[in-house]
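Asks: My questions all concern the structure below.
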Amino acid sequence: MKNLATLIETLNELRLEAFAKNLEQTLDRNPESREVNLTMLTTLTQAELAMRGEKSIAYRIREAHFQQIQTIETFDFNYNASTKKIKNRYIKFLEAEPTAADQGLCALFVGTSGLGKTHLARALGYRHCQQNKKVLTTTVNNMLLSLTTAESTGTLRKTLDQYINPALLIIDEVGYVSLRELESNLIFQVISARYDRRRSTVVTTNRPFGEWNQIFHNDAIAHAILDRLAERAEVFHVEGKSYRETHPQRLRS
């Protein structure tokens, strides 16, 4: 009976409700081959479930728009003192998923260029995809290009939803360019809506939080954005010389 219950559960997960409903009655028509048929059907449905899961995860990865697949296994935490320091906290945060995602927990990676902030952010995104969660990665400039274009063409609501709805949104390269009032307001709309819906957001920035008023249009909106991100965030500071400068040969290989 346990095997039958497991098979029915799998059929329901595959949304084969009629199959599940009529299974036991159909098996009982041939009692002498009941167990053989049950074993065969269990094997086939488990294979179908596994294949669908693999396809779903592959779809999540494609839709996340990773410029490059980067995982925790390929990050060099021994690079310098600051990356060593954050290792245990980062791994704990990574392994807290999917609970952390359901709570809308965020991650903020702060430091100068070339220290692996984007790698660590993408690794979080990849882990979400492996858990079959919707992920979107973008640079702040690409997101703003999309939003400002939508604002001028009357499709802003639909485009905002593209950034609000994912379980995890990764916004890369915040701080390299100062933003105008409209751009700052659009970023606030995305962050505020995600905060209210308890969606996880990951941000990489080269600017300390005390300088965010130089990124966004004014102090008030900078504070409002940072306040919503930081309330449920784990903050990772990385410092030192750029990995790209100290390992040029490895990066080219």
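Asks: Relative to the present Cα-Cα distance, how much length would full extension add between residue 9 and residue 141 at 0.36 nm per residue of separation?
Replies: Between residue 9 and residue 141, full extension yields an extra 42.9 nm.
Asks: Given springs between every Cα pair under 10 Å in a Gaussian network model of the chain, which of 218, 206, 78 has the largest fluctuation?
Replies: For the chain, modelled as a Gaussian network with Cα springs under 10 Å, the answer is 78.
Asks: Next question. Between 213, 12, 165, where does the largest GNM mean-square fluctuation fall for the chain, given springs only between Cα atoms within less than 10 Å?
Replies: Residue with maximal mean-square fluctuation among 213, 12, 165: 12.
Asks: Report, in whole Å, the centroid distance computed from the Cα atoms of the range 5-21 and the range 205-230.
Replies: Measuring centre to centre over Cα atoms gives 50 Å.
Asks: Now a separate question. Rounded if a/c is under 1.5, else prolate if a/b is larger than b/c, else oblate: which is the range 88-171, with a ≥ b ≥ c the root eigenvalues of its Cα gyration tensor?
Replies: Oblate, because a/c is 1.5 or more while a/b does not exceed b/c.
Asks: Just to confirm the number: angle between the C-alpha axis of helix 219-230 and the first principal axis of the chain, 0 to 90 degrees, nearest 10?
Replies: With rounding to tens, the tilt is 30 degrees.
Asks: May I ask you to sort 135, 235 by Cβ crowding, counting other Cβ atoms within 10 Å and putting the fewest first?
Replies: 235, 135
Asks: Evaluate the relative contact order of the chain (contact order divided by residue number), counting alpha-carbon pairs under 8 angstrom at least 6 apart; express in whole percent.
Replies: It comes to 24 percent, rounded to a whole number.
Asks: Which one, (1) 77, 47, 32; (2) 68, 45, 32; (3) 59, 45, 34, gives Cα extents along the principal axes in Å as derived from the coordinates shown?
Replies: (1)
Asks: Can you put 144, 49, 229 in order, fewest other beta carbons within 10 Å first?
Replies: 49, 144, 229
Asks: Then there is this: Among 117/158; 55/84; 21/158, which pairs are too far apart, with a Cα-Cα distance over 32 Å?
Replies: Too far apart for the 32 Å limit: 55/84; 21/158.
Asks: Report ³J(HN,Hα) in whole Hz for each residue of the range 31-37, in order, from the Karplus equation J = 6.51 cos²θ - 1.76 cosθ + 1.60 where θ = phi - 60°; Gly and Pro get x.
Replies: Going residue by residue, I get x, 5, 10, 4, 5, 5, 5 Hz, with x marking Gly and Pro.
Asks: In terms of modelled amide H atoms, which long-range or inter-chain residues lie less than 5 Å from the amide H of residue 139?
Replies: For residue 139, the qualifying residues are 172.
Where a number appears in this text, it was derived from the coordinates with a stated rule and is not lab data. Nothing here was measured: the structure is a model prediction, and the numbers come from that model. Positions of Cβ are generated from backbone atoms using ideal geometry, with glycine treated the same way; all protein chains shown enter the neighbour counts.
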